[in-house]
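Coordinate-derived values only; no laboratory data. Source: prediction; values computed, not measured. We place every Cβ from the backbone using ideal geometry, glycine too, and count neighbours over all the protein chains shown.
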Amino acid sequence: MSDIEVDERGYPSRRTAHYALGLLTVAYIFAFIDRQILSLLVEPIRRDLQISDFQISLLQGMAFALFYALLGLPLGRLADRFSRKWIVGASIFFWSLMTAACGLSRSFSALFFTRMGVGIGEAGLSPAAYSLLSDYFPPARLARALAIYTMGITVGGGLAYLVGGSVVELVSVADAVSLPLIGQVQPWQVVFFIVGLPGLLLVPLVAFMTEPKRHGRLQEAGGAERETVPFTEVLHFVTSNRAIFLPLFSGASLLSVIGYGTLNWYPTFLIRTYGMNVGDIGLQFGLIYMVFGTLGAFGSAILSERLAQRGYSDANLRVVMLVGLALIVPAGLGPLMPTKYMALCCAAPTVMLLNAHLGVTVAALQQITPNQMRATVSAMMLFTTNILGLGLGAVVIASFTDFVFADDAALRYSLAIVAGIVCPLAALCLRFTLLPFRTRLVRN
């Protein structure tokens, strides 16, 4: 694939674009497995490292999110200026090694440090991927392509539960093992080796991706395309359009709070409230996440396309707002159900809606952002969504459990309360975005 085939509009051929989309999606699947596997290891890690729910929430959230969010900005800037595929390849290599390194941790601080490394590695993937996909696919097909890419969350999250649940149950009955050069490790440490190292196989495949021509670039006064824009100009673009970006980033961040909080704590809630074992949760919740999460991602893209065909220029954002409203009922009621079967039934629409907003949110962002700024502005959005969502989602829920209720069994009430607060606020923020978003599209 060294010579790239293009159509009459300058976009790569479908074969070339689909190869890149498939590879980026698989990379995102691996990223999400490595990111999420910790949620199935809560109890053995707590036992062996003697730590609390609050400390676990720091490992799930802030340890990963801090550098994931902070380094997304400079790595996004690099993706706007240099080869995006090499940024993707280096990211995969580093986070895979750091996931495996989590298995070497023998203390809370060591595990915190290696989780930070996973976040550093994964920070380079999505800003570069969003920018690449906006140049591989024309606008009419971009929302669907991004929906496929965000399947990395649903498939990766589902596999983290399905495969992870089986692996955890398999190794949980084993004794500590002694590995060459490493020494004695606990079964939960072995899980990190198993899920982390295979990601290295993706790195050479990235070499066969080709950088597509950048579309929608800003131009000089004479009509020539500008190669790059200074960061100050990116900041000016965002601040001058703050009526769009402030409520958009806020709404997306609030949805991430409930999304990551639910993803991290729902399995533990099922264990504590209904006595489910990890293997059953991995199978049942994993299937729900894969099937209904994928339906949500594709369903929102199709709904957005239908609304756009009916004349709604803000179709992508409108779908995100509707998701926030619809989430209130299943996300709030699911943890309060009297049986595990009813809780799992409520988990299905919750998971579907939590994954419905991701692709269309990114598609909306690409609609209004010049090409030379897309990776950087995407990184800005990821910064806010991850600091608030990934960084605080698990922490907020754990804080209610530890500091308000002071009872591990009250986790179900923490989940319900956070959903009842966050979802309406997200929908309200996104409602304020619609008019300035439409105005900006007209100006474009």
Q. How far is it, in nm, from the label point at V329 to the one at E233 when both lie 7 Å from their Cα along the line to the Cβ?
A. 4.9
Q. So which residue, out of T273, T376, T114, gets the largest mean-square fluctuation from a GNM of the chain using Cα contacts under 10 Å as springs?
A. T273
Q: Can you figure out the FRET efficiency of L287 with R106, using R₀ = 25 Å and their beta-carbon distance, to the nearest 0.05?
A: 0.15
Q) Among (i) 39, 30, 22; (ii) 35, 26, 19; (iii) 36, 23, 21, which one is semi-axes √(5λ) of the Cα gyration tensor in Å computed from these coordinates? A) (ii)
(Q) Using Cα springs under 10 Å in a Gaussian network model of the chain, which residue among P330, P424, P230 shows the largest mean-square fluctuation? (A) P230
Q | Full-extension gain in nm, A90 to S399, via 0.36 nm per residue minus C-alpha separation | A | 107.7 nm
**Q.** Filtered trypsin sites (Lys or Arg not before Pro), region 102-204: DSSP coil and at most 15 other beta carbons within 10 Å
**A.** R106
Q) How much length is gained on full extension from R15 to C345, taking 0.36 nm per residue of separation minus their Cα-Cα distance? A) 114.9 nm
Q) Which whole-number percent is the relative contact order of the chain (Cα, under 8 Å, 6+ apart)? A) 26
**Q.** Inter-label distance, nm, simple model (7 Å from Cα along the C-beta direction), A409/S166
**A.** 3.5
Q.
So if I take the centroid of the Cα atoms in region 21-65 and the same for region 400-416, what is the distance between those two points in Å?
A. 20
Q) Amide H of L179: which non-local residues (sequence gap of 5 or more, or other chain) have their own amide H closer than 5 Å, using H built in the peptide plane? A) Q184, V185
**Q.** Helix-only [θ]222 nm of the chain, DSSP H runs n ≥ 4, -39500 (n - 2.57) each, per residue, nearest 500
**A.** -24000 deg cm²/dmol
Q: In whole Hz, with x marking every Gly and Pro, tabulate ³J(HN,Hα) for region 373-384 from phi via Karplus 6.51 cos²θ - 1.76 cosθ + 1.60, θ = phi - 60°.
A: 10, 4, 5, 5, 5, 4, 5, 4, 5, 4, 4, 5
Q. Do you know the relative contact order of region 333-421, to the nearest whole percent, from alpha carbon pairs under 8 angstrom that are 6+ apart?
A. 31
Q.
So if each residue of separation counts as 0.36 nm, and I subtract the Cα-Cα distance between Q184 and R306, what length gain in nm does that give?
A. 38.2 nm
**Q.** For region 249-258, Karplus couplings with θ = phi - 60° (6.51, -1.76, 1.60), whole Hz, Gly/Pro x
**A.** 5, 5, x, 5, 5, 5, 5, 5, 4, 6
Q | Ordering of 119-128, 301-310 by packing [mean C-beta count within 10 Å, highest first] | A | 119-128, 301-310
Q: Enumerate the residues in region 178-196 having an amide nitrogen under 18 Å from the point lying 7 Å beyond the Cα of Q50 toward its Cβ.
A: 186
